[in-house]
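Trainee: Take a look at this one; I'll ask things after.
We did not get these values from a lab; they are worked out from the coordinates using the rules stated. What you are looking at is a predicted structure, and each value in this text was computed from that prediction instead of being measured. Quick reminder, even Gly has a Cβ in these numbers, built from the backbone with ideal geometry, and neighbours come from all protein chains shown.
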Amino acid sequence: MEFSILKKETISFRDFIGYEKDVYIHLHNTFTEQIAKTIINEGFRFVKSIDYTTDHVTNSCEEEINYFTLKRKYYGKYTIVIHIGVELAKYYASIHKDKILKELVFSEKSDETNEDDMNYHFLNKQFIKGYYIHETEEGVYSSFFDPHKKLDVFHENIENIEP
């Protein structure tokens, strides 16, 4: 399987995360580069909410990002960077009258279940900016990345979300 990598460059972790104010940022560490590449190609797998396996950070808070880096370094040397457009999330939230988790709108439900018999969801790969390799200080960018793009499948997902 060929991976969809746009580019790889030497960059600081902070600069790789970016300084955009119009995105929600989530970070997730993993142990192998193979898993990081799979996430770029298939999307980010989670159960119920991405908040269970990622850390939401504010891009303007250096201390928060530094804290995340120290706190999660034992979870792997590859950090997946996820950006979800704020306006995109607000748009879909305004369509649905009940409070919904933004990541469910942007995810595909899998038939695969975890040990608690809960279904996995795959966050669309367009929200994966890429991954950062802490040992070499390199950022690897996904060619699928577009955190602001509306897809028809998101409208379908809204209709299928259970209240």
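Trainee: Quick one: net charge of F16's neighbours, Cβ under 10 Å, K/R +1, D/E -1? Can you show the working numbers first?
Mentor: Values: positive: R14, K129; negative: E9, D15, E137, E138.
In short, -2.
Trainee: Separate question: Can you list the residues, at least 5 places off or on another chain, whose amide H is less than 5 Å from the amide H of K77, using H built in the peptide plane?
Mentor: HN-HN under 5 Å from K77: T30.
Trainee: Need one number: the % of Cα-Cα pairs in the chain sitting beyond the 20 Å mark. Present the calculation step by step, with values, prior to reporting the outcome.
Mentor: Values: 6552 of 13203 pairs.
Above the 20 Å cut-off, the chain has 50 percent of its Cα pairs.
Trainee: Quick one: what are the phi-derived ³J(HN,Hα) couplings along the range 130-135, Karplus 6.51/-1.76/1.60 with θ = phi - 60°, whole Hz, x for glycine and proline?
Mentor: Values per residue, Gly and Pro as x: x, 9, 10, 9, 5, 5 Hz.
Trainee: In debye, nearest 20, what is the charge dipole magnitude of the range 42-83 about its Cα centre with +1 on Lys and Arg Cβ and -1 on Asp and Glu Cβ, if you could check?
Mentor: Numbers: 6 positive and 6 negative charges, 56 e Å.
Here the size comes out at about 260 debye.
Trainee: So how do 29-35, 108-114, 120-126 stack up, highest first, on mean other-Cβ count within 10 Å? Mind dumping the intermediate values first?
Mentor: Details: 29-35: 14.9, 108-114: 11.3, 120-126: 20.1.
Per-residue Cβ counts within 10 Å, averaged per peptide and sorted highest first, yield 120-126, 29-35, 108-114.
Trainee: If you fit an axis through the alpha-carbon atoms of helix 33-42 and take the longest principal axis of the Cα set of the chain, what angle between them do you get, 0 to 90°, nearest 10?
Mentor: It is inclined by approximately 30 degrees.
Trainee: Express the relative contact order of the chain as a whole percentage, based on alpha carbon pairs under 8 Å and six or more residues apart in sequence.
Mentor: Working: 299 pairs, mean separation 54.4, N = 163.
Rounded, it is 33 percent for the chain.
Trainee: What is the sum of charges around T113, taking Lys and Arg as +1, Asp and Glu as -1, for the other residues whose C-beta is under 14 Å from the C-beta of T113? Can you show the working numbers first?
Mentor: Values: positive: R45, K48, K109; negative: D111, E112, E115, D116, D117.
Once positives and negatives cancel, what remains is -2.
Trainee: Counting C-alpha atoms alone, how compact is the range 33-109: give Rg to one decimal and Dmax as a whole number, in angstrom.
Mentor: When restricted to Cα atoms, the range 33-109 yields Rg and Dmax of 14.3, 40 Å.
Trainee: Shifting gears a bit: Calculate the dipole size of the chain relative to its Cα centre from +1 charges on Lys and Arg beta carbons and -1 charges on Asp and Glu beta carbons; express the result in debye to the nearest 20. Don't skip to the answer; put the middle values down first.
Mentor: Values: 20 positive and 29 negative charges, 67 e Å.
Charge dipole of the chain: 320 debye, to the nearest 20.
Trainee: When 1/r is averaged over all different Cα pairs and the result inverted, which Kirkwood radius in Å belongs to the range 103-163? Could you put the intermediate results ahead of the total?
Mentor: On the way: mean 1/r = 0.0737 Å⁻¹.
One over the average 1/r among Cα pairs gives 13.6 Å for the range 103-163.
Trainee: Take peptides 42-50, 150-158 and line them up by average Cβ neighbours within 10 Å, highest first, as a rough protection proxy. Numbers along the way, then the final one.
Mentor: On the way: 42-50: 18.9, 150-158: 13.3.
Ranked by mean Cβ neighbours within 10 Å, highest first: 42-50, 150-158.
Trainee: Another question about this same structure. As I understand it, the value is the acute angle between the Cα axis of helix 86-95 and the longest principal axis of the Cα atoms of the chain; what does it come to in degrees, rounded to 10?
Mentor: That helix lies at roughly 10 degrees to the long axis.
Trainee: Cross-link partners among lysines for K8, C-alpha distance below 18 Å, same-chain residues fewer than 8 apart left out?
Mentor: Partners within reach: K37, K77, K125, K129.
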